[in-house]
Structures are given as C-alpha cells and as structure tokens.
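The structure under discussion appears below in the form of structure tokens.
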Amino acid sequence: MNRINSPEELEELRKAIIQKRVFERPCITVCSGTGCHAYGCEKVTKAFLDEVNRKNLREKVHIRTTGCHGFCEQGPIVVIHPEGIFYRRVKVEDVQEIVSETIIAKRVIDRLLYVDSNTGKKVMYEKDVPFYKKQQRIIFGNNGLIDPKNIDDYLAVGGYKALSKVLSGLTPEGTIDIIKQSGLRGRGGAGFPTGRKWELVRKQKGDGKHIICNADEGDPGAYMDRSLLEGNPHSVIEGMIIGAYAIGAKSGWVYVRKEYPLAVENIQIAIDQAREYGLLSKDILGSGCNFNIRIVKGAGAFVAGEETALMFSIEGKRGVPRQRPPFPAQKGLWGEPTNINNVETWANVPKIIEKGSDWFASIGTKTSKGTKIFSLVGKVRNTGLVEVPMGTTLQEVVFDIGGGAPDGKKVKAVHIGGPSGGCIPQELFHLPVDYESLTGAGAIMGSGGMIVMDEDTCMVDIAKYFANFLQDESCGKCVPCREGTQRMFQILADITEGKGKEEDLQLLEELGNVIKATSLCGLGQTAPNGVLSSIKYFKDEYFAHIRDKKCPAGVCKPLIKYTIDAEKCIGCGLCKKNCPADATVGELKEPHSIIQDRCIKCGICRDVCKCDAVTIS
C-alpha cells in the first residue's frame, strides 16, 4: 500500500480498484459474522475455495467473506452475485453442488432457498426475502457486500468519499452544521443531538481534544454495534475522522469489550490499513488534519458503557461514573474536552456527509431522523438484525419482519432498550419506534435490543431477571442504585416464590421512582424501567402470583405443580424414564403419577409426553 496524499489521489485509487474488478463474473459471498461462525461459516468458505480451485475456476469466480447479513437465524448465508441468489443454512456438503449447479450450470438449488413462513413459497433472491423487504438498510447494507478485512472493498463501494468531501471543501463549522441540520441523534441510548454535542466540544479552548467510539455493547441480546465493527469497520473509522476534523481532535479511541474478539480483530486490521494509506496520520489527504485511533478493550462491566465510567476505564482506572457537570464535552478524557458517540452513530456520519442533511432528515419522524438497527431476538420466528426508518411501528418489526412468535404462540410483549428498558404489551404495538414514543410508553430506545416475549413468558420473572442483572452490574458508588436495585430484586424474588404481598407493588413503584430521581448515572436512573413498565401493563400477573400463589405462564417453579391426568395417561413410561429426580412412578400400561416432594419442576415429563397428559397448575 502507498500513502494517499490528496483527494485526487484517493479518487484515482478508487477508479483503479474498480477497473481491476470484473463485475460480470460470479461472486460468492459467505456471511462471516459471529453468528455464522457458530454455524461453521469458516469451513464453508474453505470448502468453496477448495472446490473453485479444484475446478480451475479461481480466475472466473470470486469468493468473498463478508460481515453479518442480518438474517442470523438462517445462517450460514451464501449470496451469489450479480443475481443475488440467496441460499440459507449452507453446509460444507452443499458446496460442491452449488459450484457445479448454480455457478457452472446456472441452475438454482431449490432445497437451499428460503421458504416464506406465511405463504409457503420459496424465495430465490435476497431482495425478495420478506425479512429484508420492509427494511431500509442504509448503514447495514454494505455488510453483505464487502470483505471487512480489505480496505479496497470499502473504497470500491464509495468508502472515504465523504472524508474527501469534508477535507477538500468544508470547514469544521460547516461540517458540524450538516450534522446538526440532519437531525442525527445518538444511537447509544438517550438520543442526544450529535451535532450539538460536536459543537460543544468544538467551542472548547485548547488543542487536547479527544474522540471516543463507545463499542461497549452490554445489553443482553443486543449485537448491532458488534456486527458493524465486524462487518464494516471502515464506516466507523471514516465517521470518526470526520468528527475529529469537525471538533479539532487529534486522538481517537475505540472502546470495545474484550468478549468481541472478531470485532476487535477486524477494527484493528481496518485501523492498520487506514494508517498505511495515510488516512490515519499527520496531514490526512494533504489537509493538515492530524488524527489517529487506538483500541482499548473493556473488561465487560456493564456500567463502563456510561460515558464518564468509560473514560475512567481508558485512563486505567476503575470504571465508575462521576458526577456531572462538568460534562465530557468540557472536561473528559484526562481532563480534556471529549466527544463520545457509539458505533452506529459514527457509521451514520459518512452517509450524511455524502448524501446531504436533507436526505437524512427526510427519513424517519419529525424528531427522530434516519434509520435504526435493532437486534430482534427472543420468541420470534425471524431473529436477526433489522434496520428500519425511525417511526416504523412495533407491529411491523415484530410481525411483518420478524414473522411473529413460532409454534402458533401469541406474542405478549416486547422488551426494548436492554436491562434499563421497558416492556411494551402487544396492544401498544401500533406505537412508532422513536425516542419520544418509547419513553412515553415507559421504555427507552437504548442501543436497540428488542426481546420478543410470547404467552409462555412470565412478566414478573422477566422483571426479576433484569433487576438481578442490574444489581450485579451496579458499580455501588451511589446508595440509591446500590441498595435500591438489590431491594427491588429481593421483593421480586419473594413474589415469584409465593411470598409476596399486595403492598409490595406500591413499594416497588415508590422505590423505582426514588432510584430514578436520585441515582448518579444513567444505569440507576433507568434501572427501574423494566419493573415499573411490567407493573403498569401486567399487574394482573403480579396479582396472580401474590393473591392466587400461581404463575399463569408456568415459569416460577415454587408456584407451579405438575400432575398427570389419569384419563389421558396410557402408561408408556416415557415420563418415568426421563425424570431426573425419580419423581414419576407407575407401572407400564397403567396411569402414572408424580410424587410432589421429589419433583424438581424441570418440566421434562411434560416435554416428552406424547398424550398431553402432564398438566401445570
């Protein structure tokens, strides 16, 4: 690689890269996100390389490992371009057939096509897969087209054009104005206007300013930032360089959790490649802009995602929040002005600069602009990463894209916003997904985790789960959060064990409001959301636990009892054979029964029964 010294040289390099590529030849892309790694995508990629070499097709067929395509439930995903033929759950054994049939003979393999769960029809092309049709993949779209370990792939799809535009024709103030006019808000939680944040740092005096990318994605079930860093790290780097130019920063940091090894590997490779091209150096593209990026690996503390705690962690100190003001824009990393945005926010910046603030502002709602990536997980048919315009309803996300709950179950609610988010019942699925609507409903946007819950989910148990998570992750620095989250968990645990009292509900609400009002940082200020929203919308389930000593969903073990209906039982012995506690007794071909004192409430007897004779009460 040779250093690029000007915008003109960058465009010459881009043209040369594109001219060398034969776009008419088949290109087999293999999803290589973490999810597909778990399904064996590396072995599939190697099999393709071996088969193409074996058939002497290396010059006629291109194999490209890409980032996450989003439809994680169907991995490993293989898409064949230029047609866009979509194969799912591809195994090593399928590779030889794909090469001989689809690549050479131009025939589609029916058994590898996606089958629409609603119509039963097979779908040939990626663009026609229902999971993608209602999405608007502005930020995530290139994930399935480029090799994240190859900077030339990013340049070929227009990468670093926005940086060239900024450094060759825009002032720092002009750059900030574009971001302000676009209406971009932070995608990491509270939704603070990005342009205003940049402007605050720009106005601070002194040369020691810093840019931070917050990739400490700690919400259970959320992996949007991880997949962007894994699949398109240069989009984040380009956004950070533009931000650094705008505010006058010379040093940048990517704070990423150590549990994301592939993301760490790919962002480091991307940083190294950008340095070799002179895009992270002194005098970037001959503009006089000096900027570099370093990676800091977090130890996995949830509270370190809070911006002041994150900065302490970068400094080598314990990651605990500090009181504000002063705000990081005034006094941040090492006491110097600092701007922090999350991965998705930075990835939006190049698109806004390239296409203009009016284009971005035309997407979404009046107060929430652009698109948002959500991780759609839980009791839903189509799990994966979903990018939709702000203002899309929960109904569209969960049912039109997600396909609703599997096995004919009814969707009960969506928990959105991570541990500090809230539960939204199905009757409110008409709500648009934007900052204000979610906050008004008792949830938050958060980083974008959506956990779908069906009729078999106990909402009291869910509230207890998140309360337990938050009491463990509280840094303990302030009393309301340290003591309050523990007390909330204890009360909820009592309710799920049949020890609850009706006055506990009022106590939980009072306690939650105090924690929200008096905690030091965002963790404590939002910690009660899950509990308060579950009480607001599912109070009947709390009353069932407290008054009737029953769990309607059959989840809370102390409140459930397994029995065998003698009229339905045929005495097959499956329940007895599989019971780990020897609690099921009975003779062959005679009705069986359960010894309650031995029963550990595991539910295996119900799972294996072919006669539907085991019931929960």
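Which lysines have a Cα lying under 18 Å from the Cα of LYS536, excluding residues fewer than 8 positions away in the same chain?
Reachable lysines: LYS412, LYS464, LYS501, LYS516.
Would you mind putting 3-16, 105-118 in packing order, based on average other-beta-carbon counts within 10 Å, highest first? Please report the intermediate quantities before stating the final value.
Working: 3-16: 15.9, 105-118: 13.8.
Ranked from most to least packed, the peptides come out as 3-16, 105-118.
Among the listed pairs LYS20/LYS369; LYS121/LYS379; LYS258/LYS372; LYS197/LYS282; LYS165/LYS369; LYS134/LYS369, which are separated by more than 27 Å between their Cα atoms? Each step should come with its number before you reach the end.
Details: LYS20/LYS369 38 Å; LYS121/LYS379 23 Å; LYS258/LYS372 25 Å; LYS197/LYS282 25 Å; LYS165/LYS369 23 Å; LYS134/LYS369 17 Å.
Flagged as over cut-off: LYS20/LYS369.
Sorting check: for 492-502, 234-244, 182-192, which peptide has the highest mean count of neighbouring beta carbons within 10 Å, and how do the rest follow? Write out the running numbers ahead of the final one.
Details: 492-502: 17.3, 234-244: 27.9, 182-192: 22.1.
Output ranking for 492-502, 234-244, 182-192: 234-244, 182-192, 492-502.
How much length would be gained if the chain were fully extended between ASP612 and VAL92, taking 0.36 nm per residue of separation minus their Cα-Cα distance, in nm to one decimal?
183.3 nm
How high is the relative contact order of segment 371-454, in percent, counting Cα pairs under 8 Å that sit 6 or more residues apart? Let's see the in-between values first.
Numbers: 186 pairs, mean separation 30.8, N = 84.
Contact order relative to length: 37 percent.
Fewest to most neighbouring Cβ within 10 Å: what's the order for LEU170, LEU508? Mind showing how you got there, number by number?
Numbers: LEU170 18, LEU508 24.
Placing the least packed residue first, the sequence is LEU170, LEU508.
By average Cβ neighbour count within 10 Å, what is the ranking of 558-567, 440-449 from highest down?
Details: 558-567: 15.8, 440-449: 23.0.
For the peptides 558-567, 440-449, the packing ranking is 440-449, 558-567.
Would you list, by chain and number, the lysines whose Cα falls below 25 Å from the Cα of LYS589, excluding same-chain residues fewer than 8 positions away?
LYS561, LYS568, LYS576, LYS577, LYS601, LYS610
Bear in mind that the values in this text are calculations on the coordinates, not laboratory data. It should be emphasised that the depicted structure is a prediction, and the values quoted were computed from it without experimental measurement. Virtual Cβ from ideal backbone geometry, glycine too; neighbours counted across all protein chains shown.
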